Amino acid sequence: MAGNYLELSYTQVAISISLVILNAVISIFLKLGLEKSLVLASFRMIIQLFFLGLILNWVFAQQSLLIVFSLCLLMTLIASHTATSRTKKIYNGIFIDSFISIFIGAWSMSAFMIFFINKANPWYTPSYIIPLIGMVLGNSFSGVAITIDRLTESLQKNKDKIETFLSLGSTSWEAVNDSLKESIRAGILPNINSMMAAGIVNIPGMMTGQVLSGISPFNAAKYQVIIFLLISSGTYLGSIASVLLCYRRIFDINHQFNFHLLTNKK
């Protein structure tokens, strides 16, 4: 035991790897063809998490604002790249739009938590900021990816309808209003579903981790409530920002629908 939590040994971690082997054997037996993906994904996950643990150990020991800021910025850039890679269609500037949207959603909510709710001392304490922004980023980039993907697909699907509205005198905003709202709903809905199920269908990850580390379940619940609300707001802001930025790219000031800017991924 270390403090109030059970410290795991490498042997215990190795034992858990047997589950991957079992799943791979089942895949081979049933001819599912998933064994290579299972093993590769598990191997990558193990390497990535152990590497992250080593990096964070070093970062936490430094207590440096520059290092914390640089790491958070790097995380945001990676999240933006991942969000862009998940869309079926792309356009010139999609990465910048994703970055701005995710930055607005994740960083604004993290700042709100840091300066108005739980004031750490110093405020840039790595062990506090990095996990916080990581949780909000993880959900914000997913919401942004879904929103942009849904919007670009909708613009392609409704191309003729949009051009008809424009030819009849509608503004570009009026012509795509339904697509914009539908895309925002798609981006935020998974988060709403998660909140609906929290505490009934499942115990959220952060709360589980805090309880396992010895924190009072009720205090852990309070933290989880705040995190859920931050994540929800960050995802909502990011989804709205991504819709507005994408809209600005595809339509010019003369309400011209520049459909040719949307291209399929190669």
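A few points about this structure:
- Between Phe116, Phe112, the distinction of being of a type in the set (Phe, Trp, Tyr) and within 20 Å of the chain's Cα centre (by Cα) belongs to Phe112 only.
- When region 139-160 is filtered for residues that are surrounded by fewer than 17 Cβ atoms within 10 Å (Cβ to Cβ) and farther than 22 Å from Ile253 by Cβ, the ones remaining, listed by number, are Gln156, Lys157, Asp160.
- In region 190-230, the qualifying residues are those that are closer than 17 Å to Ile102 by Cα and not aromatic (Phe, Trp, Tyr), and the one that is surrounded by the fewest Cβ atoms within 10 Å (Cβ to Cβ) is Pro190.
- Residue match in region 8-30 (condition: outside any loop (DSSP other than H, G, I, E, B) and within 30 Å of Asn258 (Cβ to Cβ)): no
- For Ser42, the requirement of being within 27 Å of the chain's Cα centre (by Cα) and either surrounded by 13 or more Cβ atoms within 10 Å (Cβ to Cβ) or over 21 Å from Leu137 (Cα atoms) (or both) is met.
- Count of region 175-217 residues, restricted to those that are small (Gly, Ala, Ser), within 23 Å of the chain's Cα centre (by Cα) and not in a loop (DSSP other than H, G, I, E, B), is 9.
- Residue count, region 218-266 (criterion: part of a loop (DSSP other than H, G, I, E, B) and among the basic types (Lys, Arg)): 2
- Candidate set from region 127-139 (those that are modelled with pLDDT of 90 or more and farther than 13 Å from Ile227 by Cβ); member that is farthest from the chain's Cα centre (by Cα): Ile129
- Residue ID - farthest from Arg86 (Cα to Cα), chosen from residues in region 189-214 that are in contact (Cβ under 8 Å) with a residue 12 or more places away in the chain and aliphatic (A, V, I, L, M): Leu212
- Matching entry among Leu66, Leu56 (being surrounded by 14 or more Cβ atoms within 10 Å (Cβ to Cβ) and over 18 Å from Arg249 (Cα atoms)): Leu56
- Just so you know, in region 73-93 the residues that are polar (S, T, N, Q) and crowded, with 20+ Cβ neighbours inside 10 Å include one that is nearest to Leu132 (Cα to Cα), and it is Thr76.
- Residue in region 231-252 that is exposed (fewer than 13 other Cβ atoms within 10 Å of the Cβ), at pLDDT below 90 and in the same structural domain as Gly105 (by TED's automatic domain parsing) present: yes
- Search result, residues across region 172-188 that are crowded, with 16+ Cβ neighbours inside 10 Å and either free of Cβ contacts under 8 Å to residues at least 12 places away in the same chain or of a type in the set (Gly, Ala, Ser) (or both): Ser172, Ala175, Ser179, Ser183, Ala186, Gly187
The values are calculated or read from the model by the stated rules, or taken from the named source; none is laboratory data. These numbers were taken from a predicted model, which means no experiment stands behind them. All Cβ positions, even for glycine, are placed from backbone atoms using ideal geometry, and neighbour counts span all protein chains on display.
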